[in-house]
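Undergrad: Questions regarding the structure given below will be posed in turn.
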Amino acid sequence: MTPLLRARLRLRRLFRRFPRLTLALRALFLSWLAFTAAYGFVMGARSDAANYNPHAFAVGLSLLFAIACAAIAVQNFRLRRMRKKLRQLLLHNESLADRNWELSDAEERSSRLIVAQSDFLVVRDSDRRIVFANDAYCDLAGRARENLLGTDFTLEPLERSGPVLDADGAQRRDEKIRTPSGERWIAWRESWVRQDAAAAALLQCVGHDVTDRIATAQALAEARDQAEAANRAKSQFLAMASHEIRTPLNGIIGMSGLLLDTQLTPEQATYVRAIGTSGDALLSLIEGLLDFSRIEAGRIDLDAQPFRLGDLIEQVTELLAPRAQAKHLEIACYVDDRVPPVVTGDAARLRQVLLNLAGNAVKFTSQGGVTLIAEPGAEAGTVDFVIRDTGIGIAPDARTRIFEEFEQADSGTSRAYGGTGLGLSISERIVRRMGGRISLQSEVGAGSTFTVSLPLAGAGQATAAPRPDLHDQFILLVASQGIEASLLARRLGEWGAQISLVSDPGAALALLQERAWHSIIVDAAFAQADVARLAQAAQTHTRHRFIMIEPGARPRLASLRQHGYTDYLVKPLRHATLAARLTDGAAMPAIDAAGIGIAPQDGTPAALSILVAEDNEINALLTLSLLTRLGHRPVHAATGAAALDAIHAAEALPAARSI
């Protein structure tokens, strides 16, 4: 700094320190300057060399006076402006003072709040030394604030979890520490803060006592483990109990079926049918509860394997056919040719879903029938399974509720039809687990349509079953205009056949005379006289004469063959069987009076020797009775050793046919 600048700074400090002295010096200087200027002017004007002129002197004096007045006016204006600014500064200063007071008060309150708050707050510098600690932290540490400030004191954790880094850079961790009041869990959150741009950043640590939360979480974890253990025990118990209950139930249901085939009075037959119905209901209830317990425990395991979709659909239809035919309902299935023949998925779970939905359709339908159709879905790689019935329908307010546990459309439904309401809930959960969905369309009194959409991709280069070429072949289909007949006509039409569907046997007799027919297919549900007359009249007009029968009508096959039918089809029809019958042209096998096929006269016996390895007496008795009624020779082995001995004994007889 130069000496001149240093002198000026000292003068400014002196003037600021003594303002009155500054004012006096300025007044003295201005007076001296004015006097000197006036005196010099007067003396200059009165000198001999100036050629004194009173007029000029007066003008000059007036000019000086005017300049002095102007200077006074300017100074007056400046003074007024400075006073105005001074008032503004005073007002602003008062406002700043008020604001400063408010900030000071807020800072004091904040400081008291921080110091007195229940959360633990400690601030450390870059060397991890404490620069601030509130009362809660001091109590937690068990030390006075004076003993903490300036130290690198830390609480030693007994246990620690974390740390976890937040998006804003803060670090969180949980620590268990020992305090004067016992062991506590503290949740810490640490972040670097900067109070001033010129100052170093400080580490702010805020802790919260979460001992109760940790204790609650541990209690919940223990309760969850206990619940899972109890659930596993429940599932194991249900699985064991289900097996133990189903074994005698199978005996009850099977024996009641055998008993119905004996000579019973009408009253006895009614009682036996009631036993079978109750057994079926109890078996369905047990299976539903077992499936629900597995699903509730999260044990829905999927096993994706390639399987033939058409075979699965036909198997489901055949399993439900006896229940439908007992109620005089039609049941049929149809698999669209655009669906991949072999798909990859869990066939067992899909069968369970379709059995539940189609079984419900049969249960809630009293007339008409049930249709199960598989067709390509709206999205690529999906298959839609459409289960349509002509039953009682579902009200709009119940269409969502029926997918919940233990729910049915209404209380009257459960009383009239029975059931627990678990089937749809189980099916919906399985379908959702398989990545699909279930939709419902229904109208009260007009039936329901359930659509199951599942992602089922085709498996490799699997080829579909060969399609018979029926082009330019005329087929007469004599059946009622029902579900099965319409699907059969649709299938035959896809194979190229010219179909004539007639629901009146008399009209069918008239149509037989019009042309030569490749085949005639007659439903055995018509009167026996009409069925016999159609077969006799068709012998001169058709090559193949097929009769469609239900499995229970097999004893009629002997008489139907005598009337002129060349082959038969069992309802519900199988795709492969229908194709083979229409292309082979094989004659109907000989049928005995009991409806059992007689083997060709080649010396091979029709009856088979069958080994039954079963340790349960009831199941063994049921199996032996059924096989005996079918004309076979069953051999019972109650233990594994006995089964092996029977196999070795059978191997010693090469002429015997054994299974």
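The values are calculated or read from the model by the stated rules, or taken from the named source; none is laboratory data. Being a predicted model, the structure only gives us computed values, none of them experimental. For neighbour counting, all protein chains shown are included, and Cβ atoms are generated from backbone atoms with ideal geometry for every residue, glycine included. In case anyone asks, the SASA skips ligands and DNA or RNA and just uses the protein heavy atoms, side chains included. Shrake-Rupley method; radii C 1.70, N 1.55, O 1.52, S 1.80 Å.
Undergrad: Does region 165-173 contain any residue that is small (Gly, Ala, Ser), out of contact with any helix residue (DSSP H, G or I) (no Cβ under 9 Å at 6 or more places or on another chain) and on the phi > 0 side of the Ramachandran plot?
TA: Initial filter on region 165-173 (small (Gly, Ala, Ser)): 167, 169-170.
With the extra rule that they be out of contact with any helix residue (DSSP H, G or I) (no Cβ under 9 Å at 6 or more places or on another chain), the set shrinks to 167, 169-170.
Pick out the ones that are also on the phi > 0 side of the Ramachandran plot and you get 169.
Checking region 165-173: at least one residue is small (Gly, Ala, Ser), out of contact with any helix residue (DSSP H, G or I) (no Cβ under 9 Å at 6 or more places or on another chain) and on the phi > 0 side of the Ramachandran plot.
Undergrad: For region 190-217, give me each residue that is of a type outside the set (Gly, Ala, Ser) and either modelled with pLDDT of 85 or more or open to solvent by less than 60 Å² (accessible area, probe 1.4 Å) (or both).
TA: GLU190, VAL193, LEU202, LEU203, CYS205, VAL206, ASP209, VAL210, THR211, ILE214, THR216
Residues checked against (1) more than 21 Å from LEU626 (Cβ to Cβ); (2) open to solvent by 50 Å² or more (accessible area, probe 1.4 Å):
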site	(1), (2)
ALA221	yes, no
ARG224	yes, yes
MET240	yes, yes
ILE253	no, no
THR262	no, yes
THR270	yes, yes
GLY276	no, no
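Undergrad: Scan region 125-153 residue by residue and report those that are in a loop (DSSP other than H, G, I, E, B) and under 12 Å from GLY207 (Cβ atoms). Spell out how you get there, then give the answer.
TA: So in region 125-153, the residues in a loop (DSSP other than H, G, I, E, B) come out as 125-129, 134, 142-144, 149-153.
Matches in region 125-153: ASN134 only.
Undergrad: Given region 432-494, what strands (runs of 3 or more DSSP E) lie entirely inside it while holding 2 or more residues that are loosely packed, with under 15 Cβ neighbours inside 10 Å and among the charged types (D, E, K, R)? Before you say what the answer is, go through the steps one by one.
TA: Numbers: elements: 437-443, 447-455, 474-478.
By residue number, 437-443.
Undergrad: Quick one: which of ALA187, ALA167 is hydrophobic (A, V, I, L, M, F, W, C) and exposed (fewer than 12 other Cβ atoms within 10 Å of the Cβ)? Give the steps one after another, and end with the answer.
TA: Details: ALA187 fails: exposed (fewer than 12 other Cβ atoms within 10 Å of the Cβ).
Of ALA187, ALA167, the one residue that is hydrophobic (A, V, I, L, M, F, W, C) and exposed (fewer than 12 other Cβ atoms within 10 Å of the Cβ) is ALA167.
Undergrad: Considering every residue within region 58-75, establish whether at least one is open to solvent by less than 60 Å² (accessible area, probe 1.4 Å), within 17 Å of ALA27 (Cα to Cα) and modelled with pLDDT under 80.
TA: Checked region 58-75: at least one residue is open to solvent by less than 60 Å² (accessible area, probe 1.4 Å), within 17 Å of ALA27 (Cα to Cα) and modelled with pLDDT under 80.
Undergrad: Just to verify a result, which residue in region 308-352, among those that are of a type in the set (Ser, Thr, Tyr) and touching a Pro at 6+ places or on another chain (Cβ under 8 Å), is least open to solvent (accessible area, probe 1.4 Å)? Reasoning before the result, please.
TA: Restricting attention to region 308-352, the residues satisfying the condition of being of a type in the set (Ser, Thr, Tyr) are 317, 334, 344.
Still in the list and also touching a Pro at 6+ places or on another chain (Cβ under 8 Å): 317, 344.
Values: THR317: 3, THR344: 56 Å².
Applying the filter and picking the extreme gives THR317.
Undergrad: OK, next. Determine which member of the set ALA167, ALA144, ALA133 is within 52 Å of the chain's Cα centre (by Cα), free of Cβ contacts under 8 Å to residues at least 60 places away in the same chain and farther than 18 Å from HIS208 by Cα.
TA: Numbers: ALA144 fails: within 52 Å of the chain's Cα centre (by Cα); ALA133 fails: farther than 18 Å from HIS208 by Cα.
Among ALA167, ALA144, ALA133, only ALA167 is within 52 Å of the chain's Cα centre (by Cα), free of Cβ contacts under 8 Å to residues at least 60 places away in the same chain and farther than 18 Å from HIS208 by Cα.
Undergrad: In this structure, is ALA348 modelled with pLDDT of 85 or more, part of a helix (DSSP H, G or I), farther than 23 Å from GLU484 by Cβ and out of contact with any helix residue (DSSP H, G or I) (no Cβ under 8 Å at 6 or more places or on another chain)?
TA: Values: modelled with pLDDT of 85 or more: yes; part of a helix (DSSP H, G or I): yes; farther than 23 Å from GLU484 by Cβ: yes; out of contact with any helix residue (DSSP H, G or I) (no Cβ under 8 Å at 6 or more places or on another chain): yes.
Considered against the rule, which asks whether it is modelled with pLDDT of 85 or more, part of a helix (DSSP H, G or I), farther than 23 Å from GLU484 by Cβ and out of contact with any helix residue (DSSP H, G or I) (no Cβ under 8 Å at 6 or more places or on another chain), ALA348 comes out as yes.
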